[in-house]
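The structure appears below as structure tokens.
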Amino acid sequence: MIRPIQFRMNEQTAVNNYYQKVLDNLSPSAINSKAVQEFDAFVDELRAVGVQVIVINDTQEFDTPDSIFPNNWISFHNNGSIVLYPMFAENRRLERKESILEGVEKQGFIINSVQDYTNAEAASIFLEGTGSIILDRTNGKAYCALSPRADEGLFIEFCEDFDYFPVIFSAYQTVAETRKKIYHTNVMMCVGDHFAVVCLASIDDNKERKNVLMHLKQDGKQIIDISESQVHQFAGNMLQLKGSNEISYLVMSQSAFDCLEPAQIKTLEKYGTIISSPLPTIEACGGGSARCMMAEIFLPKST
């Protein structure tokens, strides 16, 4: 997780992230200060239940307002490889720093190889990490909602390189009475070990919706269907983590939890204890939430 130092609404990502908002009543320093408070409280909640968190402080070296969302530019894999992804916004490309990789290695994790797709940026081809790609690592499947930040060809290349079966579809939200593509898959979908949270109403194509459902059911997932209004409260942006003694937790923002129906909460609680943390400033300015803030590490550790 990256502790922000100059968090604000990123004007370069706002062109296709319709969840971002301008907070006119707050100065830039006040916005960052509130984001830091929310970040620190979130980290404390994770650590309190035994989730191991590596926090790396962002620096003033570059203008990186979205550095708080590292899962978009990097992913970590259990074969010791890491993946670097091509980013839509030019100022987000500056988030990729060698010092962050060094910080991970200092914690005893082993990086054996780097798969670098960032050259695709020169051709305006993008694939934004586990924002664009939802990985079912157990069943070897990868789900991707195509968008300006998720290129179909590069997604298929990723799946071939890492031996995932691709499940491709398009997901939409209503913006000023027009259906526009959702910028990241992880806003409308979360896949856990035995469950999946998904906004089926956002998949307008009937065949694509049936295909997604088929793969989820095929792998024994219980499906929790959320509405588009719940997506706007980031109910799709959650992540399953392991705490101390391998206890499972479902991590989300407070706004995500507050919009869930009692029956949805009851179902989710079968698969882990829910942790919800208030992230109002981060969600409003960043257009992302709890899941986006965590780049989960599957690398092997040195003995």
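Every number here is computed from the coordinates shown, using simple stated rules; none is lab data. Please read these numbers as outputs of a predicted model, since none were measured by experiment. As a convention, Cβ positions derive from the backbone with ideal geometry for all residues, glycine included, and neighbour counts pool all protein chains shown.
Take the alpha carbon gyration tensor of the stretch 14-166, find the square roots of its eigenvalues, order them as a ≥ b ≥ c, and report rounded if a/c is under 1.5; if not, report prolate when a/b exceeds b/c, else oblate.
Values: a/c = 1.69, a/b = 1.25, b/c = 1.36.
The shape class here is oblate.
Just check the chain against the gyration tensor rule for me: Cα atoms, a ≥ b ≥ c as the square roots of the eigenvalues, rounded for a/c under 1.5, and otherwise prolate or oblate depending on whether a/b exceeds b/c. In terms of gyration-tensor shape, rounded.
The protection proxy used here, the mean number of other Cβ atoms lying within 10 Å of each residue, ranks peptides 240-247, 93-100 as follows, highest first: 93-100, 240-247. Protection proxy ranking, highest mean first, for peptides 185-197, 103-115, 161-173: 185-197, 161-173, 103-115, where packing is the per-residue count of other beta-carbon atoms within 10 Å, averaged. Taking 22 Å as the straight-line reach from the Cα of Lys180, the lysines in range (excluding those fewer than 8 positions away in the same chain) are Lys21, Lys207, Lys210.
Taking a straight Cα-Cα cut-off under 16 Å and skipping sequence neighbours fewer than 8 places away in the same chain, the aspartates and glutamates within cross-link reach of Lys266 are Asp225, Asp258.
Centre-to-centre, using Cα atoms only, the stretch 82-138 and the stretch 187-201 are separated by 23 Å.
Counting only residues at least eight positions apart within a chain, or on another chain, the lysines with an alpha carbon under 19 Å from that of Lys270 are Lys217, Lys221, Lys242.
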